[in-house]
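Participant: Would you mind keeping the following structure in view while I ask a few things?
The values are calculated or read from the model by the stated rules, or taken from the named source; none is laboratory data. Bear in mind that the values here come from a model prediction, so they are computed numbers and not experimental data. Here Cβ is always computed from backbone atoms with ideal geometry, including for glycine, and neighbour counts include all displayed protein chains. Keep in mind that these areas ignore ligands, DNA and RNA; they rest on the heavy atoms of the full protein, side chains included. Shrake-Rupley method; radii C 1.70, N 1.55, O 1.52, S 1.80 Å.
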Protein chains: 2
Amino acid sequence: MMLRSVHLSLGFGVSPLLRCLPRFSGLASCSWSGISASPEGLPLGVPCSRQHGVFRAFRMSSGGPGTSPDVDAALGSAVALPAIQMPKICFCHSCGNPTKQVIPDGDKNMRQICVVCGKIHYQNPKMVVGCLVEHNDKVLLCKRKIEPSCGLWTLPAGFLEIGESAAEGAARETLEEACAEVEVLSPFAQLDIPRIGQSYIIFRARLKTPHFSPGPESLECALFALDDIPFDSLAFSSIIVTLKMYIEDTKSGNLKFHYCTINKRPGASPSDPRGFDVDQRLHS
Amino acid sequence: MMLRSVHLSLGFGVSPLLRCLPRFSGLASCSWSGISASPEGLPLGVPCSRQHGVFRAFRMSSGGPGTSPDVDAALGSAVALPAIQMPKICFCHSCGNPTKQVIPDGDKNMRQICVVCGKIHYQNPKMVVGCLVEHNDKVLLCKRKIEPSCGLWTLPAGFLEIGESAAEGAARETLEEACAEVEVLSPFAQLDIPRIGQSYIIFRARLKTPHFSPGPESLECALFALDDIPFDSLAFSSIIVTLKMYIEDTKSGNLKFHYCTINKRPGASPSDPRGFDVDQRLHS
């Protein structure tokens, strides 16, 4: 079922000025105004002790746990980020020679191509997978022990690995971050963040046993009643939007699968509730 | 809603031996038996004239249009493929020096790490996005002009690019492959193929105008009534499964969002209807 030009009724006092802006032809479009600095960069793996400042901008992680922080010292909170953030491929994977930027025959986009062997190095968005774990009308959140958004609450989630399915990856991340064994119940949401080349895939899940505890990347794990979710201390825009959609569905008694895009405002911090627009909102 | 241990009732005569095998703890599991050789490798960009043989195995594409075929001559139809197929990262993107395989501190997986600068090179699954275009109770299919599966029918789909959302990418691929402008209506399915590091995201869509024609990668485009879909001439397992789920939903009058995994059998061709198992089947 399609939603056309509807206001995004995520009533959590984000902005007094909700507005609808058609952005993508043929898709529902909702946004709200906001300000501020830095992209959603989930598992960068920087312990709190190495924190460089909450509003410092990060280059996109390469997509795995233990990734070095890759902080771009040239980017500060007041500097607008480039439209799309990707690590530069300067040398060929296969032969180690330099690459150059070329639009290959039959392509429309600039690619990094090896000047010696001609290999084309494509860069594609990465999937972040996570669980919305339900237990006795509460949901499981983890307080992050690592940057970005150290000290803020999130759903257990992380980059999908080669060789696993999204559901397996979401369960693995929940085990790693909350030491919780879960049964994945249903797909709940896909939230694309084009600016940073990430797509969040969130599943509903339930605890197999009522046990959880913080893993190495979490300071604390806790169950929150829906009315008690700390919306002013959530780590990422994707988590804010997911939890608001979940609360709406739960209160209406109609759980759906949701699709939307999150357009980060240049310079916004990952957790800034006014630092993004929600767009292209669809559901099953 | 979760489905537990149900038979996958895709009644299209794929195999006489449907069987249920629990594979992923806590998830519904369905499979059927099959035989054969090579992974689903969507937009490899090899024209028919360069075809090396339908059952030859391909290394995974790097994820973009115009990708060179990257045929592994050492792999034939009779040779079992390695468990997961990814291009090897032999040299560092950043400095061009060799990499070595190491499990980084705090990680559990082997990664390619630069021996000089220490950069970790993660490899993550890629998203393939496409549209199931509905028009007058028919669906739009494209006959492929490129390998793999040249000459077979598919939904318009291709690798998601950096900077676009999945819905935008699905509409772009439909424009490129079928010269059709579409309005994306709703998310329909996610089909993960862990063995080859791909995740298909399929949207329902409608034609904005009743015009379509083959793009450079298509030999032909046509609308098919659901009873006339050429299941014996479909290009990929993901397309077979998507269309069967769509027919089931349409006939029951209950369109849902579907999630499943496709486990390619080692050595199976992309289009072999007996060359894969469907597993972890969930829906919204």
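Participant: Run down B:L152, B:L160, B:L191 and say which single residue is touching a Leu at 6+ places or on another chain (Cβ under 9 Å), modelled with pLDDT of 95 or more and of a type outside the set (S, T, N, Q).
Facilitator: B:L152
Participant: Report yes if some residue within segment B:266-277 is among the acidic types (D, E) and touching a Phe, Trp or Tyr at 6+ places or on another chain (Cβ under 7 Å); otherwise report no.
Facilitator: Yes: segment B:266-277 contains one or more residues that are among the acidic types (D, E) and touching a Phe, Trp or Tyr at 6+ places or on another chain (Cβ under 7 Å).
Participant: Give me the pairs, please: first residue somewhere in segment A:253-264 and farther than 12 Å from A:R281 by Cβ, second residue anywhere and of a type in the set (V, I, T), beta-carbon distance under 7 Å, and either six or more positions apart or on two chains.
Facilitator: A:K264/A:I193; A:K264/A:I196
Participant: Can you name the residue in segment B:205-224 that is under 21 Å from B:E168 (Cβ atoms) and touching a helix residue (DSSP H, G or I) at 6+ places or on another chain (Cβ under 8 Å) and, of all such residues, is surrounded by the fewest Cβ atoms within 10 Å (Cβ to Cβ)?
Facilitator: B:P216
Participant: Among the residues of segment B:78-100, is any within 30 Å of B:E173 (Cβ to Cβ), buried (at least 20 other Cβ atoms within 10 Å of the Cβ), modelled with pLDDT under 50 and more than 7 Å from chain A (Cβ to nearest Cβ)?
Facilitator: Yes.
Participant: Does A:Q112 satisfy being assigned to a strand (DSSP E or B), polar (S, T, N, Q) and away from every other protein chain (no Cβ under 11 Å)?
Facilitator: no
Participant: Just one of the numbered conditions (1) open to solvent by 10 Å² or more (accessible area, probe 1.4 Å); (2) of a type outside the set (A, V, I, L, M, F, W, C); (3) touching a Leu at 6+ places or on another chain (Cβ under 8 Å) is not true of A:G169; which one?
Facilitator: Here A:G169 clears every test but (1).
Participant: So in segment A:265-284, with the set limited to residues that are farther than 18 Å from A:Q190 by Cβ and either part of a helix (DSSP H, G or I) or open to solvent by 10 Å² or more (accessible area, probe 1.4 Å) (or both), which one is nearest to the other protein chains (Cβ to nearest Cβ)?
Facilitator: Among them, the one singled out is A:P266.
Participant: Filter segment A:225-243 down to the residues that are surrounded by fewer than 21 Cβ atoms within 10 Å (Cβ to Cβ) and touching a helix residue (DSSP H, G or I) at 6+ places or on another chain (Cβ under 8 Å), then identify the one that is nearest to A:L132 (Cα to Cα).
Facilitator: It comes out as A:L226.
Participant: Then there's this: Cβ-Cβ distance below 6 Å, separation of 6 or more or different chains: which pairs start in segment B:115-144 with a residue that is aromatic (F, W, Y) and end on one that is open to solvent by less than 10 Å² (accessible area, probe 1.4 Å)?
Facilitator: B:Y122/A:G63; B:Y122/A:G64
Participant: From the list B:G130, B:G163, B:G106, B:G118, pick out the single residue that is more than 7 Å from chain A (Cβ to nearest Cβ) and on the phi > 0 side of the Ramachandran plot.
Facilitator: Just a single option satisfies the conditions, and that option is B:G118.
Participant: Every residue in segment B:244-264 that is open to solvent by 10 Å² or more (accessible area, probe 1.4 Å) and β-branched (V, I, T), please.
Facilitator: Listed by number, the residues that qualify are B:I247, B:T250.
Participant: Going through segment A:167-220 one residue at a time, which ones are in a strand (DSSP E or B), of a type in the set (D, E) and in contact with a Cys (Cβ under 9 Å, 6 or more places away or on another chain)?
Facilitator: Across segment A:167-220, the qualifying residues are A:D192, A:E220.
Participant: Does A:D249 satisfy being within 11 Å of chain B (Cβ to nearest Cβ), in contact (Cβ under 8 Å) with a residue 60 or more places away in the chain and not in a loop (DSSP other than H, G, I, E, B)?
Facilitator: no
Participant: Scan (1) more than 10 Å from chain A (Cβ to nearest Cβ); (2) under 17 Å from B:V128 (Cβ atoms) for the single condition B:I262 breaks and write down its number.
Facilitator: Failed condition: (1).
Participant: What are the pairs with Cβ atoms under 8 angstrom where one residue, in segment B:170-197, is touching a residue at least 60 places away in the same chain (Cβ under 8 Å) and over 22 Å from A:V128 (Cβ atoms) and the other, located anywhere, is of a type in the set (D, E) and open to solvent by 10 Å² or more (accessible area, probe 1.4 Å)? Sequence gap at least six, or different chains.
Facilitator: Here the result reads B:E176/B:E217, each pair linking segment B:170-197 to a residue that is of a type in the set (D, E) and open to solvent by 10 Å² or more (accessible area, probe 1.4 Å).
Participant: Next up: Which of (1) under 21 Å from B:A166 (Cα atoms); (2) assigned to a loop (DSSP other than H, G, I, E, B) is the odd one out, the single condition A:C117 does not satisfy?
Facilitator: (1)
Participant: Mind listing just one residue for me: the one in segment A:136-146 that is away from chain B (no Cβ under 14 Å) and in a strand (DSSP E or B) and, of those, surrounded by the fewest Cβ atoms within 10 Å (Cβ to Cβ)?
Facilitator: A:K138
Participant: Could I ask something else about it? What number of residues within segment B:192-233 satisfy the criterion of being within 14 Å of another protein chain (Cβ to nearest Cβ) and under 29 Å from A:F257 (Cα atoms)?
Facilitator: Matching residues across segment B:192-233 total 18.
Participant: Give me the residue from segment A:172-190 that is within 9 Å of chain B (Cβ to nearest Cβ) and touching an Asp or Glu at 6+ places or on another chain (Cβ under 9 Å) and, out of that set, most open to solvent (accessible area, probe 1.4 Å).
Facilitator: Within segment A:172-190, the match that is most open to solvent (accessible area, probe 1.4 Å) is A:E176.
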